[in-house]
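Right, one structure below, let's go through it.
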Amino acid sequence: MDFTKPTIEYGDIWPLILVFAVACAGVIVEAFLPRERRFLVQTVLTGGGLVAALVGTVLVWRGLAEHGDGAARGAIDVEGTLVVDGPAVFLWGVILVCALAGVLLFAERRIEGGVSAFAGQAAALPGTEAERQASTRGLEHTEVYPLLMFAVFGMLLFPTANDLLTLFVALEVLSLPLYLLCGLARRRRLLSQEAALKYFLLGAFSSGFFIYGAALMYGFAGSMEFANINEAVRNDLGNQTLLLIGVGMLSVGLLFKVGAAPFHNWTPDVYQGAPTPVTAFMAAGTKIAAFGAILRLFYVALGADRWSWQPMLWVVAILTMLVGAVLAIVQTDMKRMLAYSSVAHTGFLLTGVLGVQQASELSDGEITSTQAVLFYLVTYAFSIIGAFAVVTLVRDSSGEASAFTRWRGLGRRSPLVAGLFAFFLLSMAGIPLTAGFVGKWAVFTVALAAGAWPVVLAAIVCSIIAVFFYVRVIVLMFFVDAGPEQGEVASVTRPSVLTSLTIAVGLAATLVLGVVPGPVLTLADHAGQFLR
């Protein structure tokens, strides 16, 4: 049998290759560079690599016009395993911006008194002499930077995958670094390690469901490529039982990554236990990448079988919104409240997935589901990163203070920080003149156009419920007295320019997208449809 050399279109995928190369270079830095010089080198290397990849993404975006025509522009590369089209490149850009914000938060040292938020020696057991010595010497894990880059590489690969095997590889490359990062908190080590263990175990189970579903889909279609699966569905070939069970198992793996109910149980524990910079990066980046994969799987591979998977998504979307909104009410920890808020936002995004993808099926002026979901992901990413960046600043004598009782009267002691946090919460609540309002309007509109009015009705009810727990935090900060008889309260630590820049960018984006959403909506429209 003759060997045929594979063809790799480096000009289309070089931003991914660059991110992977920087991650590998970070590993080499850890192996050969003295410890005292690693922090600066890793920060510059990681930040520079992400900026270069972002520039490359813009160049690839501009070159999409040369591939294809109409609403679906792009190219199928690397022997059919990757698709570089408008939605994928749009998601690359958003993921890289979130990763840059993550690097800034990872590099923050002033808040912890000259060291990062990550453990000095992860292998040391909490409370042992080895841990105390690592803390005394001011050690820190600069390995977090190559781990972040490997996770970013998986996130970029996830919405670009054109077959189930590549999708699974991207899922694992994305997940494994995050499992490690979640267990590296400098303070509350046991809570952090418990979060990492829960995330790893549940993630392993979800990956098992995904790979089993991929095997069943291969049994149904005889191929793992999305185009061939779609062709098999159209021709009604094979065993429909294999198709339905395979779709269900694949959905479990993907819905787990976005934190949809009933696969959401890891979300509050991991968001609370992980270092807050990791939580901020993970909350935005993972959701963006996973929803890109969900859109491609359901629209490209299973687009001809909408009547089978749409009822499932109706139920999952409604259940996710209700679980997230209701359970967020009873939380007393800020990070857990934001975690359940994230679950609710997953339900809102699934509402957008139920919309109409083809612009030809809509009236003039209406937006497609792809456009709505892409815009919502942008608005949510900036709001959630900004909110968690503010959480890193609120501290008491034991470190970061996320308990509600510590936030009493924060608006009187630090009105600027409390006001910024309130603005991010109002955006997530969907209050007009914020980005969140336009995002919800977009996904609700496309779902109504597709006839999913029961899901939209449930989404409106859950949005009203969500307003309550967001406003409760605002009342706690500005209108609740923080007297000495109520115990210790938190204060705000002055951050360096790194965290300040992250908050400022999140604030500006949330405000501008709420007042002038047109440019980003137009950009999402130019992304077009997924290439089949």
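Approximating the spin labels as points 7 Å out from Cα along Cα→Cβ, the Ala403-to-Val326 distance works out to 2.8 nm.
In this Cβ point-charge picture (+1 for Lys and Arg, -1 for Asp and Glu), the chain has a dipole of about 1640 debye about its Cα centre.
Expressed in Å, the radius of gyration and Dmax of the Cα atoms of region 247-385 are 15.1, 47. If I fit a long axis through the Cα atoms of helix 334-353 and take the longest principal axis of the Cα atoms of the chain, what angle between them do I get, 0 to 90°, rounded to 10? Approximately 20 degrees, to the nearest ten.
What do you get for the angle between helix 276-296 and the principal long axis of the chain? Use alpha-carbon atoms, 0 to 90 degrees, nearest ten. The helix 276-296 is inclined about 10 degrees to the chain. Stokes-Einstein diffusion for region 162-301 at 4 °C, viscosity 1.567 mPa s, with a Kirkwood radius from C-alpha pairs, works out to 83 µm²/s. What the Cβ-Cβ distance of Ala504 and Leu197 gives, at R0 = 35 Å and to the nearest 0.05, is a FRET efficiency of 0.50. With the highest mean first, a sort of the peptides 32-45, 496-509, 148-161 on other beta-carbon atoms found within 10 angstrom per residue produces 148-161, 496-509, 32-45. The protection proxy used here, the mean number of other Cβ atoms lying within 10 Å of each residue, ranks peptides 397-408, 320-331 as follows, highest first: 320-331, 397-408. Stokes-Einstein D for region 202-276 at 4 °C, 1.567 mPa s, Kirkwood Rh over Cα pairs, in µm²/s? It diffuses with D of about 97 µm²/s by this estimate.
The fewest-to-most ranking of Ser192, Ser175, Ser491, Ser116 by surrounding Cβ atoms within 10 Å reads Ser491, Ser175, Ser116, Ser192. Spatially close Lys pairs in the chain, defined by Cα atoms under 25 Å apart and a spacing of eight or more places or different chains, total 9. From the Kirkwood radius over Cα pairs of region 428-473, Stokes-Einstein at 10 °C and 1.306 mPa s returns a whole-number translational diffusion coefficient of 144 µm²/s. Across the chain, Cα-Cα distances exceeding 42 Å account for 16% of all pairs. Judged by the mean number of other Cβ atoms found within 10 Å, the most tightly packed of the peptides 294-303, 472-481, 308-317 leads the ranking 294-303, 308-317, 472-481.
Between 0 and 90 degrees, the angle of helix 10-32 with respect to the longest Cα principal axis of the chain falls at about 40 degrees.
Within region 189-231, list the residues whose amide N lies under 15 Å from a label point set 7 Å along Cα→Cβ of Ser308. Within reach of a label on Ser308, which here means backbone N under 15 Å from a point 7 Å along Cα→Cβ, region 189-231 contributes 213-231.
Residues Asp236, Asp333, Asp77, arranged from fewest to most other Cβ atoms within 10 angstrom of their Cβ, appear as Asp236, Asp333, Asp77.
Bear in mind these aren't lab numbers, they're just calculated from the coordinates by the rules spelled out. These numbers were taken from a predicted model, which means no experiment stands behind them. A quick note on method: Cβ atoms are made from the backbone with ideal geometry, for glycine too, and the neighbour counts reach across all protein chains shown.
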